[in-house]
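Values quoted throughout were computed directly from the atomic coordinates according to the rules given, and no laboratory measurement underlies them. Only a predicted model underlies this, so the values are computations on that prediction, with no experimental measurement involved. Note that we place each Cβ from the backbone using ideal geometry, even for glycine, and neighbour counts take in every protein chain shown.
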């Protein structure tokens, strides 16, 4: 959650006075620390003497709280680095994307693949398990390849950060690949499960529905492709020739 606030005169003028909504992230409902977060929101609202409107938007147990503050300034209590808000945000946002988007997407895709292989071994049609049909095997194989590729890219991006390098291009690649891998695997899972994959009795339907947002939040796939393309034109082969 974004407390304390980091702000400057520009933020106050363009965001606060325009009454734009401020999005505050929460951890999952089932995580104990989140139970302590709501009082913080209430405290901030009281301190800022603002009008807060809270809206819950659930994506697989990951709620958000939209808080709109109608104020003219922020008390000094919440100013921790005046004029450095954007730089601080950028310095942490990439690492958050690796965990909140990259790792989560790969984890969800892995869970879907485990469900697919289990079902393909158990479900029988025409006297044999559907996993023996080559078209089902293709969907499973493609999912294995996609997940392993995305996971290796994630590990490489984390390694780049560990080396102290600016890994924004690698993080963007992970964001794209992990999000789109999840979408492809989720789509295949629904296909393998057939009609049951589209019913709410199974978690496949929810994971399929949740997968779509991964290509949107934390920067759309289109924006991250722009980041990758600009880096490629600037760095050349060093970006794709691993070890260069």
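Full-extension gain between residue 238 and residue 133, please, as 0.36 nm times their residue separation minus the C-alpha to C-alpha distance.
Working: separation 105, 0.36 × 105 = 37.80 nm, distance 4.18 nm.
The residue 238-residue 133 span can extend by a further 33.6 nm.
For residue 123 and residue 159, FRET efficiency with R0 = 51 Å and r from the beta-carbon atoms, rounded to 0.05?
Details: r = 40 Å, r/R0 = 0.78.
Once rounded, the FRET efficiency stands at 0.80.
What value in Å³ per residue do you get for the convex hull of the alpha-carbon atoms in the stretch 89-239? All intermediate terms of the calculation are to be shown ahead of the outcome.
Details: hull volume 16.9 nm³, N = 151.
Considering the Cα atoms of the stretch 89-239, their hull volume per residue is 112 Å³.
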